[in-house]
Each structure stands twice: as structure tokens, then as C-alpha cells.
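Engineer: Here it is, the structure in full.
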Amino acid sequence: MLAITATVGYGVLFYTFSVVVAPIAADLHTTTTTVTGAYTLSVLVAAAVAVPVGRYLDRRPARGLMTVTAALGSAAVAGLSRATALWQVYAAFVLIGIAAAASLYEAGFTVVVHQLGAARRAGAVLTITIVGGLASTIFIPATGWLNHAYGWRTALIILAGLHAAITITGHALAIPATAPAAAARGHDTPPPARITRRLLRDRGFWLLIVAFVAHGAATSAVSVHLVSYLTHIGHPATTAATIAGMLGALSVTGRIAATAATRRWQITTTTAAVFALQATAAAALPWLGATVAGAVTCVAAFGLGFGVGTIARPAIVVQRYGATDYGTISGTLTVPLTLAKAAAPLAAAGLSANVLMATVALLCLAGALALRLPTPMTAVVGDASRPGPAPEDG
């Protein structure tokens with residue numbers, strides 16, 4: 001159910017935007033750039049509330065929060081459909097940012113970590129991300145058809161109703177009403193603020209920030225600028241779009257392959273190897289990308305790692321710090337990652353084509369190296385006197 005609600009959530013709350021931004025701007029007599037600022041604001045709001053949401057989910061039942069925020073997201077999209085002034089668009093996207101932080105991937109992963117044993121977590125995260133990866137494939141064309149048939153306002157009302165019917169019902173029925181096991185047992189953990197302070201003094205946590213922020217910035221920049229890059233080096237626009245479209249499909253393949261590889265190798269080793277492969281692909285693209293075969297090969301290699309960071313982060317966090325305070329730790333990591341993903345495409349827009357790919361390669365390589373550097377296993381959560389990660393529940 002979390003896989004289904006995440007797919008609908010991402011599809012309605014985010015992927016519809018690319019279709020309706022132009023008609024919203026035209027109706028309100030403003031520019032698409034101004035309307036896009038509302039979308040950027042929603043990303044910043046989601047980052048701002050990530051830590052409080054994680055802290056809440058570590059200590060209380062997830063059902064209430066995720067059901068209420070699913071309803072909030074539905075109401076925000078419905079409100080957006082009625083907007084007649086720019087401030088109303090921005091207000092709707094503030095609510096969308098709050099809803100996204102508490103009802104999509106990160107919240108769902110926290111539920112999985114707390115409610116499932118170690119043997120089932122990886123498969124559950126993989127299922128959620130594979131199904132969720134279909135959100136753009138389903139909802140961008142569907143929103144385009146609805147917009148063409150009924151106009152953007154009616155299209156958003158229909159999508160808000162769909163979001164409400166699936167996500168509110170799904171969260172209310174499927175998410176356990178029980179608190180995380182450690183909280184229910186009265187597990188003796190420090191206050192969340194103290195956990196965060198300990199994290200920020202932990203060298204291993206800063207290496208995780210470097211690894212995933214660098215990789216997230218690289219993939220975000222490529223997702224936005226790959227078509228224009230391929231066009232710049234000589235490919236027709238339709239060919240460039242077709243090649244770039246491989247990223248989504250191959251991200252699913254990469255997630256499955258990476259999960260399978262963890263049966264033989266450590267998750268950090270597997271993830272670092274994938275990041276290094278992406279660095280090699282980005283570095284080779286300026287040299288091989290002028291031909292269709294070369295471009296396809298490089299983009300395919302890069303695409304295999306496109307979604308690996310998403311499934312690796314929960315596993316690595318639990319491996320290093322245990323499951324008890326996963327939400328707090330994951331939320332702290334999510335803040336810089338979300339900001340990097342939001343800022344990277346804008347920063348990359350000012351780079352020349354080859355400098356862009358060289359930068360992407362260096363960022364992926366930095367991510368790989370950060371994961372491979374040795375990290376002392378010092379406790380930052382739970383019993384501060386106990387070295388190593390907290391024992392897995394379940």
C-alpha cells in the first residue's frame with residue numbers, strides 16, 4: 001500500500017506541475033518562472049519539516065500523521081485548482097511541501113524500518129521505489145490528457161479526488177496504529193535534539209552527507225540538463241529525448257541489481273561501486289557521446305545508478321546507527337540532500353556543456369570515496385556508552 005500511495009502522491013503532488021505550470025501562469029497573467037518559484041518553495045518547506053516529521057515517527061504511531069497529511073495534500077491540490085491570485089498558488093505549495101515530507105518516501109521508509117524486521121526491509125524499500133518510479137510515466141501523460149480535455153482547473157480537481165481516495169484510505173487502513181517497537185517498550189534514548197547534536201559531531205555522518213548530497217546534486221543536474229546536453233553535442237531533439245528517457249527505466253534495473261548485489265557485498269561497497277560507474281559514464285560522455293551508440297552506452301551506465309541512492313540510504317543509516325531513531329537521523333540527512341537537489345539544476349545551468357559533465361563525474365566520484373572512507377562505529381543514538389550500531393529490532 002505504501003508503494004501505491006507513494007506513486008499517487010508523487011504523481012499528483014509533484015509530476016503534475018510540469019504540465020499545469022504554463023496554463024496556471026497564463027491564467028494568472030504571470031510568468032512560468034514566477035509560478036515555478038512556488039514549486040521551489042514546496043521543496044524548501046519539505047526540507048524544513050523533515051527533521052520534526054522524523055522525530056514524530058520515531059516515537060508515535062505513523063497512521064494518524066500520514067493520513068492527515070495525505071488529506072492535506074489533497075486539499076492543497078484542490079485549493080490550487082481554485083487559485084485566482086499568485087499568493088494562493090504559493091500557499092497551496094507550502095501545504096504540498098508539508099504533505100510531501102510526511103506522506104511520501106521518507107515517511108514510508110521510516111514506517112518500514114520500524115515495523116519490519118531486518119530480513120524484510122530491503123525488499124520493502126525496493127518495492128516502494130520500483131512502483132514509485134512509475135509515477136512520472138503514469139501521471140505526466142494522464143495530467144496532459146486531462147488538461148487538454150477539461151482544462152487545468154478541472155484536471156487538478158480530478159487528481160485531488162484521486163489522491164484523496166487512494167492515499168487517505170490507504171494510509172488509514174494499511175499503516176499500523178501502534179508506536180514503533182522501541183518507543184512502545186520505553187526504550188531509553190536521548191531527546192531528539194541531543195541525537196541531532198551527536199550526529200553533527202560524528203565524522204561518519206558527515207561522510208554520509210557528503211556522499212549522498214554529492215550524488216543527489218549530480219543526478220538532479222543530469223535529469224534536468226541531459227536533453228539539452230545531448231542536443232548541444234549534435235543529436236536531434238527527438239533522439240536526445242529518447243536517450244534521456246532511458247534514465248527512468250534503467251533506474252529500476254539498477255535498484256534491483258544493487259539490492260541483489262548486497263547479498264554478496266556490503267551495501268556501502270555496492271553503492272560506492274555504482275557511484276564510481278556513474279562517474280566513469282559522465283566523464284566518458286563528452287568523448288563518446290557524439291555517436292548514438294556512445295551516448296546510449298554512457299547514459300545507460302549512468303542510469304543504472306539513478307535510483308540507487310534512494311534505496312541505499314535507509315539500509316546504510318540502519319546499518320550504522322540502528323533502527324530506533326531512524327526517522328530523526330534520516331530527516332537530518334534529508335535536509336541538505338533536498339536543498340542540493342533543488343539548487344543543483346540552477347547552478348548547473350551556468351556551466352558549459354563539458355564542464356557540466358566533468359562536474360557531475362567529480363561529484364559522483366566524491367560520493368563513492370566518501371562511502372569508502374573508514375568510519376569509527378561510535379554510538380550517536382541509544383546508549384552512548386555502547387559502541388557500534390544499535391541492535392536491529394524485529
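The values are calculated or read from the model by the stated rules, or taken from the named source; none is laboratory data. From a predicted model like this one, the values you see are computed outputs, not experimental measurements. In this analysis, Cβ positions are derived from the backbone assuming ideal geometry, glycine residues included, and neighbour counts consider all displayed protein chains. Accessible surface areas use protein heavy atoms only, side chains included; no ligands, DNA or RNA. Shrake-Rupley method; radii C 1.70, N 1.55, O 1.52, S 1.80 Å.
Engineer: Only helices at least 18 Å long along their axis, Cα-based, and averaging 0.0 or more on Kyte-Doolittle count here, so list those DSSP H runs from the chain.
Structural biologist: Working: long enough: 32-59 (41 Å, 0.85); 62-81 (29 Å, 1.19); 86-103 (26 Å, 1.76); 118-132 (22 Å, 1.15); 135-150 (21 Å, 0.49); 203-232 (42 Å, 1.15); 246-261 (22 Å, 1.23); 267-288 (31 Å, 1.26); 308-321 (20 Å, 0.62); 326-348 (32 Å, 0.95); 353-372 (29 Å, 1.86).
Result, helices passing both filters: 32-59, 62-81, 86-103, 118-132, 135-150, 203-232, 246-261, 267-288, 308-321, 326-348, 353-372.
Engineer: Along its three principal axes, how long is the range 305-356 when you only count alpha carbons? Whole Å, largest extent first please.
Structural biologist: So the extents along the principal axes, rounded to whole Å, are 45, 21, 13.
Engineer: Take every Cα pair under 8 Å in the chain that's 6+ residues apart, average their separations, divide by the length, and report that relative contact order as a whole percent. It would help to have the intermediate numbers written out before the result.
Structural biologist: Details: 610 pairs, mean separation 103.3, N = 394.
Answer for the chain is 26 percent.
Engineer: Could I ask something else about it? Using a Gaussian network model of the chain whose springs link C-alpha atoms within less than 10 Å, name the residue from 325, 202, 27 with the highest mean-square fluctuation.
Structural biologist: The residue with the greatest mean-square fluctuation here is 27.
Engineer: Here is a follow-up. In the range 195-253, which trypsin sites (Lys or Arg not before Pro) fall in coil by DSSP and have 15 or fewer other Cβ atoms within 10 Å? List each step's numbers first, then the result.
Structural biologist: On the way: sites: 197, 198, 201, 203; in loops: 201.
Here the trypsin sites (Lys or Arg not before Pro) that fit, given the DSSP loop and packing criteria, are 201.
Engineer: How large is the accessible surface per residue of the chain, computed with a 1.4 Å probe and reported in Å² as a whole number? Could you put the intermediate results ahead of the total?
Structural biologist: Details: 16210 Å² over 394 residues.
Roughly 41 Å² per residue, with all protein chains present.
Engineer: Further question on the same structure: At what distance in nm do the modelled label points of residue 84 and residue 242 sit from each other, each positioned 7 Å from its Cα along Cα→Cβ?
Structural biologist: In this crude spin-label approximation the distance works out to 4.8 nm.
Engineer: Tell me, rounded to the nearest percent, the portion of alpha carbon pairs in the range 144-289 spaced more than 26 Å apart. It would help to have the intermediate numbers written out before the result.
Structural biologist: Values: 6389 of 10585 pairs.
That fraction is 60 percent.
Engineer: Rounded to the nearest 500, what is the 222 nm mean residue ellipticity of the chain from helices alone, with -39500 (n - 2.57) per DSSP H run of 4+ residues and division by all residues? Present the calculation step by step, with values, prior to reporting the outcome.
Structural biologist: Details: 20 runs with 305 residues, N = 394.
Computed mean residue ellipticity for the chain: -25500 deg cm²/dmol.
Engineer: Oh, and also: Whole angstrom only: what separates the Cα centroid of the range 51-108 from the Cα centroid of the range 244-313?
Structural biologist: The range 51-108 and the range 244-313 have Cα centres separated by 32 Å.
Engineer: Can I ask one more? Say each of residue 355 and residue 263 gets a label point 7 Å from the Cα, pointing the same way as Cα to Cβ; how far apart are those two points in nm?
Structural biologist: So the two model labels end up 4.7 nm from each other.
Engineer: Which chymotrypsin sites (Phe, Trp or Tyr not before Pro) does the range 225-297 hold that lie in a coil by DSSP with at most 16 other beta carbons within 10 Å? Before the final figure, lay out the partial values.
Structural biologist: Details: sites: 229, 265, 275, 287; in loops: 265.
In loop regions of the range 225-297 (DSSP not H, G, I, E or B), the sparsely surrounded chymotrypsin sites (Phe, Trp or Tyr not before Pro) are 265.
Engineer: Give the Debye-formula value of log10 I(q)/I(0) at each listed q (0.11, 0.13 Å⁻¹), with one equal scatterer per alpha carbon of the chain, two decimals each.
Structural biologist: Each listed q maps to, in turn, -0.80, -1.12.
Engineer: Projected area of the range 58-104, taken from the Cα convex hull and averaged over every viewing direction, in nm²? Don't skip to the answer; put the middle values down first.
Structural biologist: Values: hull surface 12.8 nm².
Its average projected convex-hull area is 3.2 nm².
Engineer: I need the trypsin sites (Lys or Arg not before Pro) found in the range 249-292, filtered to DSSP loop residues with at most 10 other beta carbons within 10 Å of theirs. It would help to have the intermediate numbers written out before the result.
Structural biologist: Numbers: sites: 255, 263, 264; in loops: 263, 264.
Answer in residue order: 263, 264.
Engineer: Another question, if that's okay. Given a 1.4 Å probe and every protein chain left where it sits, what share in percent of the accessible area of the range 31-151 is carbon and sulfur? Write out the running numbers ahead of the final one.
Structural biologist: Details: 3370 of 4860 Å².
Solvent-exposed carbon and sulfur of the range 31-151 make up 69 percent of the total.
Engineer: Tell me the net charge near residue 109. Cut-off is 10 Å between Cβ atoms, residue 109 excluded, with +1 for each Lys or Arg and -1 for each Asp or Glu.
Structural biologist: Working: positive: 121, 313; negative: 106.
In short, +1.
Engineer: Suppose the chain between residue 34 and residue 148 were pulled fully straight at 0.36 nm per residue; how much longer would it get relative to their current alpha carbon spacing?
Structural biologist: On the way: separation 114, 0.36 × 114 = 41.04 nm, distance 2.29 nm.
Extending this stretch completely gives an extra 38.8 nm.
Engineer: Compute the FRET efficiency between residue 179 and residue 48 as 1/(1 + (r/R0)^6), taking r as their Cβ-Cβ distance and R0 = 22 Å, and round to the nearest 0.05.
Structural biologist: With R0 = 22 Å, the Cβ-Cβ based efficiency is 0.30.
Engineer: Report, to one decimal in Å, the Kirkwood hydrodynamic radius for the range 37-159 based on all distinct Cα pairs.
Structural biologist: After inverting the mean inverse Cα-Cα distance, the result is 15.8 Å.
Engineer: Based on the alpha-carbon set only, what is the convex hull volume of the range 103-170 divided per residue, in Å³? Before the final figure, lay out the partial values.
Structural biologist: Values: hull volume 5.5 nm³, N = 68.
Residue-normalised Cα hull volume stands at 80 Å³.
Engineer: Just subtract the alpha-carbon distance of residue 256 and residue 296 from 0.36 nm times their residue separation and send over the number in nm, one decimal. Write out the running numbers ahead of the final one.
Structural biologist: Working: separation 40, 0.36 × 40 = 14.40 nm, distance 2.04 nm.
Between residue 256 and residue 296, full extension yields an extra 12.4 nm.
Engineer: Going by the alpha-carbon gyration tensor, a ≥ b ≥ c the square roots of its eigenvalues, is the range 1-86 rounded (a/c under 1.5) or, if a/c is not under 1.5, prolate (a/b greater than b/c) versus oblate?
Structural biologist: prolate
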